[in-house]
Amino acid sequence: MITEKERQNMMQFLVRYFGVDPNQLVDISDSLLEATYDFAYRRTEMECDF
């Protein structure tokens, strides 16, 4: 279970860097949000390496 602050930070990252519509994230489960965030974060790190 993630805290509300963690959830907001993950949502803000996805909206800011990937242009995700915030309305799509409102009803997303914590586990799916975490998995999506982890994937997106790893992708940005990988792009920085190139």
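Quick one: angle between helix 30-49 and the longest Cα principal axis of the chain, in degrees between 0 and 90, rounded to 10, please.
In the chain, helix 30-49 runs at an angle near 20 degrees to the longest axis.
Express the C-alpha Rg of the chain as a ratio against the empirical globular expectation 2.2 N^0.38 Å, rounded to two decimals.
Values: Rg = 11.0 Å, N = 50, 2.2 N^0.38 = 9.7 Å.
That ratio works out to 1.13.
Which whole-number value in Å² is the accessible area per residue of the chain, probe 1.4 Å?
Numbers: 4020 Å² over 50 residues.
Roughly 80 Å² per residue, with all protein chains present.
Percent of accessible area on the chain owned by carbon and sulfur, 1.4 Å probe? Each step should come with its number before you reach the end.
Details: 2130 of 4020 Å².
On the chain, the fraction of accessible area on carbon and sulfur atoms equals 53 percent.
Stretched out fully, how many nm does the piece from Met1 to Asp38 gain, at 0.36 nm a residue minus the Cα gap? Kindly include the intermediate steps, with their values, before the conclusion.
Details: separation 37, 0.36 × 37 = 13.32 nm, distance 1.51 nm.
Full extension of this stretch gives 11.8 nm more.
The values are calculated or read from the model by the stated rules, or taken from the named source; none is laboratory data. As the structure is a prediction and not an experimental result, all values here were calculated from the model. When the accessible area is computed, the model is the full protein with side chains, heavy atoms only, and any ligands, DNA or RNA have been set aside. Shrake-Rupley method; radii C 1.70, N 1.55, O 1.52, S 1.80 Å.
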